[in-house]
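What follows is a short report on a single structure.
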Amino acid sequence: MQKKNIYFIVIIILVVIVLGGVYVILHVTKPNTAANNYSGADTILLTTHGGLYILTDDKGVTLYHDIQDWPTSTKAPYKPYTKCTGACSDTWPAFYAENIKVSPPLKAGDFMMFTRPDGKKQIAYRGWPLYYYTGDIKPGDTNGQEIGNIWYAGISPN
């Protein structure tokens, strides 16, 4: 009778450990998204996807802009503005890299670092703040394109 009780207790402990591990995986760890894996890449590339010119980091992760982030100046010197703070920035993390390098035909002067209202640094293209989208799982994904009719990956390279 004693051995049955010990086996029962061991089984209960194992079930609790397994359920605790499942909870941690589902609720505590960050999802494996392209933005989590590649944030902070230094080179910005211009590529095409589905007929659009899009900006990516050097790993091929798409960068987006929000049309509500209308720059206060659309001519150099650009003055970026972001409305995406708080919960918005959980889904749309700001793109920032310390030493920006751009691929042709992009021009380095079209990119700038600015400080967001939350104190974080962000990179903007021609005054438009750039973001990752946590729904992009792998490089090349453009799952954030046209979300809410405000988020876009497409840009004009001219």
Next item on the list: Kindly check whether there is at least one residue in region 80-101 that is touching a residue at least 60 places away in the same chain (Cβ under 8 Å), over 13 Å from the mean Cα position of the chain (by Cα) and either within 26 Å of residue 51 (Cα to Cα) or assigned by TED's automatic domain parsing to the domain that holds residue 50 (or both).
Entry: no
Checklist line | Number of the condition not met by residue 142 [criteria: (1) over 21 Å from residue 53 (Cβ atoms); (2) under 12 Å from the mean Cα position of the chain (by Cα)] | finding: (1)
Next item on the list: For region 124-140, enumerate the residues that are in contact with a Phe, Trp or Tyr (Cβ under 8 Å, 6 or more places away or on another chain) and over 16 Å from residue 75 (Cα atoms).
Entry: 130, 131, 132, 133, 134, 139
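Each row is one residue, and each column tells you yes or no for (1) touching a helix residue (DSSP H, G or I) at 6+ places or on another chain (Cβ under 6 Å); (2) buried (at least 19 other Cβ atoms within 10 Å of the Cβ); (3) outside any strand (DSSP E or B).
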position	(1), (2), (3)
55	no, yes, no
59	yes, no, yes
75	no, no, yes
82	no, yes, yes
85	no, no, yes
142	no, yes, yes
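Just give me the residues in region 94-128 being part of a strand (DSSP E or B), aromatic (Phe, Trp, Tyr) and out of contact with any helix residue (DSSP H, G or I) (no Cβ under 7 Å at 6 or more places or on another chain), in sequence order.
Within region 94-128, 111, 114, 128 qualify.
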Checklist line | Those residues of region 122-140 which are free of Cβ contacts under 8 Å to residues at least 60 places away in the same chain, surrounded by fewer than 23 Cβ atoms within 10 Å (Cβ to Cβ) and of a type in the set (Gly, Ala, Ser), in sequence order | finding: 127
Notebook entry, point to check: Within region 88-121, how many residues are within 21 Å of residue 142 (Cα to Cα) and loosely packed, with under 12 Cβ neighbours inside 10 Å?
Noted result: 1
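The values are calculated or read from the model by the stated rules, or taken from the named source; none is laboratory data. Source: prediction; values computed, not measured. Note that each Cβ is placed from the backbone with ideal geometry, even for glycine, and that neighbours are counted across all protein chains shown.
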